[in-house]
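Down below is the structure, laid out as structure tokens.
The values are calculated or read from the model by the stated rules, or taken from the named source; none is laboratory data. The model shown is predicted, which means the values in this text are computed figures rather than measured ones. Ideal geometry is used to build each Cβ from the backbone, glycine not excepted, and the neighbour counts take in all protein chains shown. Just so you know, the surface numbers come from the protein's heavy atoms only, side chains and all, with ligands and any DNA or RNA stripped out. Shrake-Rupley method; radii C 1.70, N 1.55, O 1.52, S 1.80 Å.
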Amino acid sequence: MKQLYRKTVLPNGVVVQTDYMPHAYSVALGAWLPRGSRHEKVGEFGLSHFYEHLVFKGTENRTAFQIACSVEDRGGNLEAYTTRQETGFYATVVKDDVGLAIDVIADMLMNPRFDKAEMEKERKVIIEEIRSYDDIPEEVCGDVFNAVHFKGCGIAHSITGTVKEVKALTNEQMWEYERQVLCDMPIYVCAAGKVDHDALVELCSKKFSRKKSGKIEPEDLYKPNSGIKIVGKQDTQQANLFWGVSFDKAMLEEKNRLALSIFNVALGAGMSSRLFQKIREERGLAYSVYSTADVYKDCMDWGVSLATEPRQLKTALKLSVDEIRNFMTKGFAKGELERTKANIIGGIHLGADSPEKRVMRLAEQTLHLGGFTSLAETERAVAKLTEAEIVDVVRVAFADTKYSISVVQPSENKKPDLKEYLKF
């Protein structure tokens, strides 16, 4: 039987990992850099995101249009993204086009041109992207939360940077970033689908031959704070709320992380979740209400997002806080744990059919957790967790952490006093 997961580290620091899917017709694959916005210093905020954009604007071998056509003309797609933890470039192609996809992605990372005229055009595009986010109160609210809760570490500033910060980024900074890609940091090539591991290793050895040995990953710093920030915004009618907490590296251990994941699904993931039922279905206070969890390399955060009429903000906030208190006091309702586990395991099974979901999982586990756990192993670990273990993890996590609240509301509204909600 063919081994499903394989890993090879090339002499120049390129790590090649594959998740083989024997019944797939396609392959999702890409290259990931262990650097995101949290690793940027003052004067370079937004640089990782700008780099992600600019490598699409031409290489020594291809024009921007040729890059755009290369994979699309074969029926595939080529995409990229930047987070606070990493920057990724990936494609989904039929199995016969793996060589083409790797050639294009490696060309972008190994041979960018960084033409100054193209950089100025793309700067305008990114500024419009920033403005588009600024028009979405929910996006602004999330960034405000990060700025307050993670003040003093890189997670605090936005992925894109501000308009002012993007206007100040230089071509020289872009070339220094490229030098780090070529010489300092490792590159993680991940693939899932009908992919031949040995053939991919051989391709990467050739296509990433300009890469020099690099094993230095940017240093992470985790620093949580408690705080409240309320921002007035014109042309908005609702009060957008995000309140949350974060947990240190101990919560990234498999048992703790999965316990918090089960808690998150029960509380706020989907229509059957507690927050959705309590705040939307029973009280009609919000159209959108959910909880979310983000995993970084050295910490994890969890929070509640909702939007409601300004005069109902305190009520909605209190209901969400009370639901967490209720969980920590009483645990799961009858049948709730079984339903939540079935939700998670069902999601694992559905994702197992998708090369793109599996390659993202492979990349994120590598970059955030430092290793790979198979879908079957994760399913067994979820099934094994008991109610007592999950509730205990949640109690410990929430007992020793800091809380922050962010609100984006209409400019004319008086700022509410929310201090009483900073502690459980």
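Quick one: net charge around Ala342, please, counting Lys, Arg +1 and Asp, Glu -1 for every other residue with C-beta under 15 Å from its C-beta. Around Ala342, the charge tally is +1. All other residues whose Cβ lies under 9 angstrom from that of Gly232 are scored, Lys and Arg at +1 and Asp and Glu at -1, for a net of +1. With unit charges on the beta carbon (Lys/Arg positive, Asp/Glu negative), name the residue among Ile159, Pro224, Ser213 whose Cα is farthest towards the positive pole of the charge dipole of the chain. Going by the charge dipole, the pick is Pro224.
Accessible surface comparison of Ile348, Ile126, probe 1.4 Å, protein chains only, largest first: the order is Ile348, Ile126. Under a straight-distance cross-link criterion of Cα-Cα below 17 Å, which lysines are reachable from Lys314, leaving out those fewer than 8 residues away in the same chain? Result set, ordered by chain and number: Lys229, Lys278, Lys414, Lys415, Lys419, Lys423.
Its relative contact order, with pairs defined as Cα atoms under 8 Å and 6+ residues apart, puts the stretch 203-311 at 32 percent. Normalised by the number of residues in the stretch 1-114, the average gap of Cα pairs under 8 Å and 6 or more apart makes the relative contact order 31 percent.
In the chain, taking the dipole from charged Cβ atoms about the Cα centre, the farthest positive-side position among Ile187, Val144, Thr366 is held by Val144.
In square angstrom, rounded to the nearest 10, how much accessible surface does Arg113 have for a 1.4 Å probe? Number for this one is 100 Å².
Put a plus charge on the Cβ of each Lys and Arg, a minus charge on the Cβ of each Asp and Glu, and nothing anywhere else: the dipole of the stretch 271-424 about its Cα centre is then about 440 debye. Taking all protein chains as they are arranged and a probe of 1.4 Å, the heavy atoms of Thr83 leave approximately 40 Å² accessible to solvent.
Projected onto its three principal axes, the C-alpha set of the stretch 247-379 covers 46, 29, 29 Å, listed from the longest axis down. Between Glu420 and Lys249, the FRET efficiency estimated from the beta carbon spacing at R0 = 25 angstrom works out to 0.25. Solvent-accessible surface of protein heavy atoms, probed at 1.4 angstrom with all chains present, puts Ile216, Ile159, Ile405, Ile136 in the order Ile216, Ile136, Ile159, Ile405, largest first.
By the Kirkwood approach, averaging reciprocal distances over each pair of separate Cα atoms, the stretch 138-186 gets a hydrodynamic radius of 12.8 Å. Scaling the Cα radius of gyration of the stretch 154-241 by the globular reference 2.2 N^0.38 Å produces a ratio of 1.71.
Only helices enter this figure: runs of n ≥ 4 DSSP H residues, each worth -39500 (n - 2.57), summed and divided by the residues of the chain, yield -13000 deg cm²/dmol at 222 nm to the nearest 500.
Between Pro355, Pro11, Pro218, where does the largest GNM mean-square fluctuation fall for the chain, given springs only between Cα atoms within less than 10 Å? Top of the fluctuation ranking is Pro11.
Bridging of Lys212 to lysines at a Cα separation below 22 Å is possible for Lys7, once same-chain residues fewer than 8 apart are set aside. On a per residue basis, the stretch 59-203 carries 42 Å² of accessible surface, using protein heavy atoms and a 1.4 Å probe.
When +1 charges are put on Lys and Arg Cβ atoms and -1 charges on Asp and Glu Cβ atoms, the dipole computed for the stretch 144-209 relative to its Cα centre reaches about 280 debye. Estimated translational diffusion coefficient (Stokes-Einstein, Kirkwood radius over Cα pairs, 37 °C, 0.692 mPa s) of the stretch 34-109: 250 µm² per second.
Summary of the geometry: the stretch 84-133 and the stretch 318-357, compared by the centres of their Cα atoms, lie 36 Å apart.
For His349, the solvent-accessible surface with a 1.4 Å probe is about 100 Å², rounded to the nearest 10.
How much net charge surrounds Glu60 when only other residues with a Cβ under 14 Å from its Cβ are counted (Lys, Arg +1; Asp, Glu -1)? Net of charged neighbours comes to 0. Packing-based ranking of 397-403, 289-295 yields 289-295, 397-403, ordered from highest to lowest mean Cβ neighbour count within 10 Å.
Overall, the accessible surface of the stretch 345-424 at a probe of 1.4 angstrom is composed of carbon and sulfur to the extent of 51 percent.
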